[in-house]
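A.B. asks: One structure, pasted below without further comment.
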Amino acid sequence: MTTALAFAPPLRATSRSTAEDDVWATMRAEAEAALIEEPLYAGLVQATVLDQRRLAAALAHRLAHRLGDGDLSRLTVRDLCLSAFEADPQAGSHAVRDLVAIRERDPTCRRYIDPFLFYKGFAALEGYRVAHWLWHQGRATLALHLQSRISEVFGCDIHPAARIGSGVFIDHATGVVIGETTVVADDVSILQSVTLGGNGKESGDRHPKIARGVLLSVGAKVLGNIRVGEGAKVAAAAVVLHEVPAHTTVAGVPARVVSRLKPGEEPAQSMDQSFGFGDGI
């Protein structure tokens, strides 16, 4: 599974460990508590988390449960996921950083087990990572099948050839579309109904390049092979047709720069969707 743009340390040190063993141990403890809290869900929690030896196996089990269908059985999907995770030594760290991103940025998220079991943005992103691996193995048919299933089940359409980094938060996920030649770097936050699309029928490299730490707000559309600079903020419903300078806020149709961010401001981390001069997006 390839990565996007240049990888570097996270934009800031999070208050929670990104070590896979630490997150897995915390999630298992949360699962034990969930057994007591909700006995009706005990079977799924036991099978998905507590019966698994490691995070990758648990994730493969959960994705298979949600994406298996009449065309591909759950067992087949699980085996595909395990093959992808075992082939990529960074797969575990990607999933952990994605989980930590949700835990850090979503005020409704109080446990790792909640996005792991229920958040469709997380499931869509980790399912995409399996499809991306299949695509680069020359198994386009299976990759496109997974893309289709992810779109059907989660309402989030990510082409398997797109390149997406880690520490990425896709909030709600409904209506998110990410095109074939899109590149999304680390530490990006994407809200519902965002489109990273082409600008017509041109072929080749035709989709956006999203740099580290960008916040793409509700319904933002970024169209064409253009770059959104590091730490930029794209306002809700903005239509971006030209390059976005780093550390700026753009808004409107077509989008234009409406403010510059303060030094050290990290919009993808703070999820602050204001313009910077008192107006909400």
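Here is a yes/no grid of residues against (1) under 18 Å from T141 (Cα atoms); (2) among the acidic types (D, E); (3) open to solvent by 30 Å² or more (accessible area, probe 1.4 Å):
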| residue | (1), (2), (3) |
| --- | --- |
| A47 | no, no, yes |
| L50 | no, no, no |
| L55 | no, no, no |
| L59 | no, no, no |
| A64 | yes, no, no |
| F85 | no, no, no |
| G92 | no, no, no |
| A95 | no, no, no |
| I102 | no, no, no |
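A.B. asks: Continuing with the same structure: Please indicate, with yes or no, whether at least one residue in the stretch 180-203 is more than 13 Å from the chain's Cα centre (by Cα), part of a helix (DSSP H, G or I) and not charged (D, E, K, R).
C.D. replies: Within the stretch 180-203, not a single residue is more than 13 Å from the chain's Cα centre (by Cα), part of a helix (DSSP H, G or I) and not charged (D, E, K, R).
A.B. asks: Which members of the stretch 228-254 meet the condition of being more than 15 Å from G165 (Cβ to Cβ) and not in a loop (DSSP other than H, G, I, E, B)? Walk me through it before giving the result.
C.D. replies: We begin by selecting, within the stretch 228-254, every residue more than 15 Å from G165 (Cβ to Cβ); these are 229, 232-254.
Correct list: K233, V234, V239, V240, V244, T248, T249, V250, A251.
Residues are listed down the side, and each one gets a yes or a no for (1) touching a Lys or Arg at 6+ places or on another chain (Cβ under 8 Å); (2) not aliphatic (A, V, I, L, M):
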| residue | (1), (2) |
| --- | --- |
| Q90 | no, yes |
| H94 | yes, yes |
| A101 | no, no |
| I113 | no, no |
| G127 | yes, yes |
| A140 | no, no |
| I150 | no, no |
| C156 | yes, yes |
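A.B. asks: Report yes if some residue within the stretch 139-153 is in a helix (DSSP H, G or I), small (G, A, S), in contact with a helix residue (DSSP H, G or I) (Cβ under 6 Å, 6 or more places away or on another chain) and over 13 Å from K120 (Cα atoms); otherwise report no.
C.D. replies: Within the stretch 139-153, the subset in a helix (DSSP H, G or I) is 140-153.
Filter once more, so that each one left must be small (G, A, S): 140, 143, 148, 151.
If we keep only those that are in contact with a helix residue (DSSP H, G or I) (Cβ under 6 Å, 6 or more places away or on another chain) as well, we get 143.
Among the residues that remain, those that are also over 13 Å from K120 (Cα atoms) are: 143.
Among the residues of the stretch 139-153, at least one is in a helix (DSSP H, G or I), small (G, A, S), in contact with a helix residue (DSSP H, G or I) (Cβ under 6 Å, 6 or more places away or on another chain) and over 13 Å from K120 (Cα atoms), which makes the answer yes.
A.B. asks: Also, quick follow-up: From the list L191, L223, L215, pick out the single residue that is under 18 Å from D106 (Cα atoms), buried (at least 18 other Cβ atoms within 10 Å of the Cβ), out of contact with any helix residue (DSSP H, G or I) (no Cβ under 9 Å at 6 or more places or on another chain) and not assigned by the TED database to the domain that holds I102. If you could, list the steps in order and put the result at the bottom.
C.D. replies: Details: L223 fails: under 18 Å from D106 (Cα atoms); L215 fails: out of contact with any helix residue (DSSP H, G or I) (no Cβ under 9 Å at 6 or more places or on another chain).
None of the other options fit; the residue is L191.
A.B. asks: I'd like the full set of residues that are assigned to a helix (DSSP H, G or I) and hydroxyl-bearing (S, T, Y), limited to the stretch 36-82. Step through it out loud before you land on a result.
C.D. replies: Filtering the stretch 36-82 for residues assigned to a helix (DSSP H, G or I) gives 36-37, 39-50, 55-67, 74-82.
Answer for the stretch 36-82, where residues must be assigned to a helix (DSSP H, G or I) and hydroxyl-bearing (S, T, Y): Y41, T48, T76.
A.B. asks: Then there's this: For D71, only one of the following conditions fails: (1) farther than 14 Å from F116 by Cβ; (2) open to solvent by less than 60 Å² (accessible area, probe 1.4 Å). What is its number?
C.D. replies: Evaluating D71 over (1) farther than 14 Å from F116 by Cβ; (2) open to solvent by less than 60 Å² (accessible area, probe 1.4 Å) leaves (2) as the failure.
A.B. asks: Report the residue count in the stretch 157-179 for those that are on the phi < 0 side of the Ramachandran plot and either of a type in the set (A, V, I, L, M) or assigned to a loop (DSSP other than H, G, I, E, B) (or both).
C.D. replies: Step one: filter the stretch 157-179 for residues on the phi < 0 side of the Ramachandran plot, giving 157-166, 168-171, 174, 176-179.
Going one step further and asking which of them are either of a type in the set (A, V, I, L, M) or assigned to a loop (DSSP other than H, G, I, E, B) (or both), we end up with 158-162, 164-166, 168, 170-171, 174, 176-179.
Adding up the residues that qualify gives 16.
A.B. asks: Still on this structure: Scan H242, H207, H247 and give me the residue that is open to solvent by less than 40 Å² (accessible area, probe 1.4 Å) and either modelled with pLDDT of 95 or more or in the same structural domain as V100 (by the TED database) (or both). Spell out the reasoning first.
C.D. replies: Details: H242 fails: open to solvent by less than 40 Å² (accessible area, probe 1.4 Å); H247 fails: open to solvent by less than 40 Å² (accessible area, probe 1.4 Å).
Answer to the check: H207.
The values are calculated or read from the model by the stated rules, or taken from the named source; none is laboratory data. Keep in mind it's a predicted model, so treat the numbers as computed, not measured. Quick reminder, even Gly has a Cβ in these numbers, built from the backbone with ideal geometry, and neighbours come from all protein chains shown. Remember, those area values only see protein heavy atoms, side chains included, never the ligands or the DNA or RNA. Shrake-Rupley method; radii C 1.70, N 1.55, O 1.52, S 1.80 Å.
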